[in-house]
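Have a look at the structure below, then the notes.
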Ligand code: AMP
Ligand code: GLY
């Protein structure tokens, strides 16, 4: 079958690598892809949010499945678009329709969903400009720190953790009155702060059945020892040592099953990945957020451990026969180190020539923000490359990935050398 993958980051490079290995994949297309995805298929210069162009390409190239990497096209309704067009409706799209994508597209929607289905999460209340005064009074009753979340998509920047009441009030006003995050912050969720250790759990569902994929931990801060600014993710490991049988049993019973059943009860069709951001609070799992896609750079570690043919799994999502496919997971540990551009996550340098990728032999290098310029690989984004090693244990995996990240060079590059060390 011909498969079309949408996206251009490290997550999509990993999907491309995995899909290209499938015995069922005849031709893979990646729109738009990056300098690395061309090794697994054919890059096509189409924006994932240009639904018409995606649809036309799918018809012209006899596409039998569309796999959506990022959230934006899902939240904007690419799956609905395919269902609405007669000539596209038969093509399975992996990723939820607009309604299901609200789990990520609206924090208020996802909080209401969790409350309705008794899924453990931080206590919260939602405010708009019309209820700003009430919101300011509510802040007075909260213990510090206070979490403020812009309701809509804000490129990962819409969550503020306020250490003082004054800053919480100022930020609530900035979000509601001054549109700090544009339309995304016209509604704000005020949330209780959860103290614990975070992890990511991934679920693949066809709307009837589900498979729990390997757990992973993402390292979000730019600096070693989890310091400095938040980023899209500087590294990941899988499995997470503390996500043992007991903990994962609680996650399945209290969170995964109620989530899948909740979607059914609410008549929300869902075919795709659910990324559950969790806080482990003294051994008890709480949902911090849902995403309607895989994580980046968690995907690099998670898919590296999945031994089942990924297209078999995705095809079963389309046909709602996920219960018929066996999910095989490697017992090994994967570690991923992300190499970023100088300046990231602030204003960062671009167009730097990358060398040394060919010196990496024991890890896999997934391209993220890269482009080909006359045959030369250059950096084009903040997160440039991800280096993933799969080894018998966590120590060996992080050692290998870190050593291999060090074999790559470009001007002003940076990567964290402590990924996974907190868990050793
Ligand atoms: P989100 O955009 O929802 O992933 O939030 C970004 C980050 O903010 C999360 O990864 C957490 O580290 C942190 N965060 C969000 N909500 C809470 C909360 N209720 N308590 C503590 N930390 C939180
Ligand atoms: N690594 C976090 C995310 O993909 O949102």
Exercise for the section: Taking every pair of alpha-carbon atoms in the stretch 304-424, give the share separated by more than 18 Å as a whole percent. Expected result: 59
Exercise for the section: Please report, in cubic angstrom per residue, the volume enclosed by the convex hull of the alpha-carbon atoms of the stretch 170-247. Expected result: 181
Handout entry: Projected label distance in nm at residue 163 and residue 59, using a 7 Å step from Cα toward the beta-carbon
Key = 5.7
Fill in the blank from the handout: When the chain is treated as a Gaussian network with springs between alpha carbons less than 10 Å apart, the largest mean-square fluctuation among 43, 291, 267 is found at 267
Handout entry: Computed lengthening from residue 221 to residue 308, 0.36 nm per intervening residue step minus Cα-Cα distance
Key = 28.1 nm
Fill in the blank from the handout: Looks like the stretch 133-219, by Cα gyration tensor root eigenvalues a ≥ b ≥ c and the a/c under 1.5 rounded cutoff (else prolate when a/b is bigger than b/c, oblate otherwise), is prolate
Handout entry: Choice from 369, 55, 228 with maximal GNM fluctuation in the chain (Cα, 10 Å cutoff)
Key = 228
Problem - Virtual spin-label span in nm between residue 186 and residue 327, 7 Å along Cα→Cβ - result: 3.8
Exercise for the section: With a ≥ b ≥ c taken as the square roots of the eigenvalues of the C-alpha gyration tensor of the stretch 1-78, please select rounded if a/c is under 1.5 and otherwise prolate if a/b is larger than b/c or oblate if it is not? Expected result: oblate
Practice task
Obtain the nm distance between the two label points defined at residue 118 and residue 399 by a simple spin-label model: each point lies 7 Å from its Cα along the Cα-to-C-beta direction.
Solution key: 4.8
Fill in the blank from the handout: Dividing the helical contributions, -39500 (n - 2.57) per DSSP H run of n ≥ 4, by the residues of the chain yields a 222 nm value, nearest 500 deg cm²/dmol, of -7500 deg cm²/dmol
Fill in the blank from the handout: Per the C-alpha gyration tensor (a ≥ b ≥ c, the square roots of its eigenvalues), the chain is rounded if a/c is under 1.5, else prolate if a/b beats b/c, else oblate; here it's rounded
Problem - Extent along principal axes [Cα atoms of the stretch 151-293; Å; largest to smallest] - result: 44, 40, 24
Problem - q = 0.14 Å⁻¹, the stretch 32-173: log10 I(q)/I(0) [Debye, one scatterer per Cα] - result: -0.79
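Using the per-residue mean of other Cβ atoms lying within 10 Å as a proxy for protection, in what order, highest first, do the peptides 171-181, 346-356 fall?
On the way: 171-181: 18.3, 346-356: 14.4.
Ranking the peptides 171-181, 346-356 by packing returns 171-181, 346-356.
A short reminder: the numbers here are calculations on the coordinates, not readings from a lab. Here the structure is a predicted model, which is why all the values come from computation and not from measurement. Note that we place each Cβ from the backbone using ideal geometry, even for glycine, and neighbour counts take in every protein chain shown.
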